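The values are calculated or read from the model by the stated rules, or taken from the named source; none is laboratory data. None of these values were measured; they are calculated from a predicted model. Note: ideal-geometry Cβ built from the backbone for every residue, glycine included; neighbour counts use all protein chains shown. For accessibility, only protein heavy atoms count, side chains too; no ligands or nucleic acids. Shrake-Rupley method; radii C 1.70, N 1.55, O 1.52, S 1.80 Å.
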Amino acid sequence: MTEETPAGAPKATREAYRDLLAEVLPGDERLYCLDTDTGLFTGVDFGTAADRYLNLGIAEHNLMGVAAGLAASDKVPFVNTMATFAATRALEAVKIDIAYNALPVRIVATHGGLAAGHLGPTHHALEDLAIMRMLPGFTVVVPADADSTEQAVRQSLTMPGPVYLRLGRGVTAPLAAALPDGAAAIPSFEIGRAQRLRAGGDLAIVACGPHPVAAALHAAETLADRGVEAAVLNLHTLRPLDTDAIVAAARGTVGVVTVEEHWRTGGLGAAVAETLAEHAPARIIRVGMPDTFSTVVGGQEHLLQHYGITAEGVVGAARDLLGAARSSDRHDPHDPPKSVRPRTPHVEAARPGIGPNGGTGVIDGGERHEPDLPRV
């Protein structure tokens, strides 16, 4: 048996999933647990559902095929593997066997992002959200804490079609722990509906996953101390995307900072940029992994710090966003131009320390330009 974690205590999202699945499996004969020697279920007692736990070994492509067969037979299989193996090694089976047939397979992918940092780029999952959100019919969820993970699993039990649930490896704090004293209660978790964690009219910070959401909240506190009010949106569902929440968060602000434990291409930042481009054009700076494989050896927190996926990195991105807004013309576009001079259309590419893909890291050895935060 696994040890029970006290309510409200820090807990790994993958352990929250494991414990809940062990609880609900015996009571629902549709449910199966398919494993790939992950070790996550060692010592777990499934009781009367023990014969519905199947360890298929390290064979991810086969795992998806077996899951598809069960789902086609009116079962709801939960498959367990590391995120990078689900999204790359087994992708053909995920696409053809599961997505093409719109089967109710729940792919539970642990070690999302840089969670397997010490194992290097072969085990980093920095592409999975981009891949999974492109597959027709998939629901893609990135819970920010253990409680959200439990809610996502429960809600997925009756959902149609395939679900990709991205989880971490290590222990992370409850979402409420990152909120300031006296903050409003966290909105209830609902797949497909973003959670507005903080109000603010100067800029918006949109994040997903335990570390990025915590970084967003801590950055908002720092900005508030400097007179800048930033709204914080936990966009835990990348598909279906809560378009209304994204547009509402961006409207009336100088722009949006996105934060994700993923390459800046194709993931959360790209989804937000696509949405705003169609519905409410706005400046956006994406904080995430730059366009490179990790060249640094270290654990998850060390790598997040190294690549600027931190509260400090978010504050830096907000400074750049505010600086760009301050330096731009503020005249009505229907008025005649006040002066004729060259304009740089892409603020992120033109500003020191910001490359064409956004983000907040050092570019080619240069230093970030950080203007003073204006009082707004």
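Suppose we flag trypsin sites (Lys or Arg not before Pro) only when DSSP calls them loop and at most 11 other Cβ atoms lie within 10 Å. Which is the longest uninterrupted stretch of the chain? The segment 1-329 is the longest one with no such site.
Taking a ≥ b ≥ c as the square roots of the eigenvalues of the alpha-carbon gyration tensor, region 150-301 is classed rounded because a/c is under 1.5.
In a fully extended conformation the segment linking residue 327 and residue 61 would gain 90.5 nm over its present Cα-Cα distance, using 0.36 nm per residue. Positive-end ranking of 249, 212, 222 along the dipole of region 173-322, with charges on Cβ about the Cα centre, is headed by 249. The calculated FRET efficiency for residue 292 paired with residue 50, based on their beta-carbon distance and R0 = 51 Å, is about 0.70. Of the residues 79, 269, 131, the one whose Cα sits farthest toward the positive end of the charge dipole of the chain, with +1 on the Cβ of Lys and Arg and -1 on the Cβ of Asp and Glu, is 269.
What is the dipole size for the chain, taken about its Cα centre, with +1 at each Lys and Arg Cβ and -1 at each Asp and Glu Cβ, in debye to the nearest 20?
Values: 31 positive and 44 negative charges, 200 e Å.
Magnitude of the dipole: close to 960 debye.
For the chain, with every protein chain kept in place, what is the accessible area per residue (1.4 Å probe, Å²)?
On the way: 16460 Å² over 376 residues.
Counting only protein heavy atoms, the per-residue value for the chain is 44 Å².
Does region 1-140 classify as rounded, prolate or oblate by the C-alpha gyration tensor (a ≥ b ≥ c root eigenvalues; a/c under 1.5 gives rounded; else a/b over b/c gives prolate, otherwise oblate)?
On the way: a/c = 1.74, a/b = 1.11, b/c = 1.57.
Here region 1-140 falls in the oblate category.
With a sphere of radius 15 Å drawn around the Cβ of residue 300, what net charge do the other residues whose Cβ falls strictly inside it have (Lys, Arg +1; Asp, Glu -1)? Around residue 300, the surrounding residues sum to 0. Taken about its Cα centre, region 38-182 carries a charge dipole of roughly 220 debye when the Cβ of each Lys and Arg holds +1 and the Cβ of each Asp and Glu holds -1. Between region 100-168 and region 179-237, the alpha-carbon centres lie 22 Å apart.
Tell me the carbon and sulfur percent of the accessible area for region 80-187, rounded to whole percent, probe radius 1.4 Å. Provide the component values of the computation, followed by the final result.
On the way: 2290 of 3930 Å².
About 58 percent, which is the carbon plus sulfur part of the accessible surface.
About the Cα centre, and with charges only on the beta carbon of Lys, Arg (+1) and Asp, Glu (-1), how big is the dipole of region 131-189? Nearest 20 debye, please.
Values: 4 positive and 4 negative charges, 62 e Å.
It comes to approximately 300 debye.
With semi-axes √(5λ) of the Cα gyration tensor in Å defined as stated, name the option among (i) 39, 20, 19; (ii) 47, 24, 20; (iii) 29, 25, 21 computed from the structure displayed. This structure yields the entry labelled (i).
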